[in-house]
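This report concerns only the one structure given below.
Where a number appears in this text, it was derived from the coordinates with a stated rule and is not lab data. Please read all numbers here as calculations on a predicted model, not as lab measurements. In this analysis, Cβ positions are derived from the backbone assuming ideal geometry, glycine residues included, and neighbour counts consider all displayed protein chains.
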Amino acid sequence: MTEAFDEREARKRYIRRRQGIVLGCVGTVLVAALITATLFYTHVIGAGAGSSSQAQPNYGVQAPCAPKDKAGIAAKYVDNSSVQVRILNGTKFAGLAKAVGNALINRDFEVTTIGTSNEKVERTVIHFGRDAIAQAYTVNANFTDAIMQMDDRKDQLIDVVIGPTFTDLQDQKKVPAAGGEIDSISGCVAADGLRNVPKAQPHTVSKESK
């Protein structure tokens, strides 16, 4: 009789231990799920998607290479004074376009217009046409986080839509000098290879194309 009693007690202890193990595993899974959900909610996880897009050349937007002459030599950065730029504010911060425009004027760019953009942007975007690729690269060299986006405009006006990530222009000491060979964006393609480029925002045709 004692042996049967001891066996029942042993079986009960075994079942309790098994239940404890199962409950412990379930609790661990629930805690892990809660932590994971919290990280997603607070954007600690998921922020990598934005980081990976930022890590891509030109932030994932296909850019044209600097054109080359018949000898295969890439175009040069042009003189700032020969570049017409329209500065548009794509943020909620009033006066930002004016501040950037004045800074570019101080760098001898010809700023034709300072205004507000209806385009929603996540970061600064430089819009330009096929005939102003060298000019666009010249402008882009003065920014630290801008996207170069070629559109279907036929003139040489450069549009700069200031985005919310903008903090300051590139240090002038780090900006390539006019006449230096343009360093094309990694992964670029020839301008002729860009298909279905977006339509340009309405603007007055710059003087070079009249």
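From largest to smallest, the equivalent ellipsoid semi-axes obtained for region 63-201 from the alpha-carbon gyration tensor read 23, 17, 13 Å. Placing a label point 7 Å from the Cα of ALA55 along the Cα-to-Cβ direction, the residues of region 168-187 with a backbone N closer than 17 Å are 186-187. For region 63-201, the dipole from Cβ point charges (+1 on Lys and Arg, -1 on Asp and Glu) about the Cα centre works out to 180 debye, to the nearest 20.
Indicate, rounded to the nearest 5 percent, the antiparallel portion of the DSSP beta bridges found entirely in region 63-201. DSSP beta bridges in region 63-201 are roughly 25 percent antiparallel.
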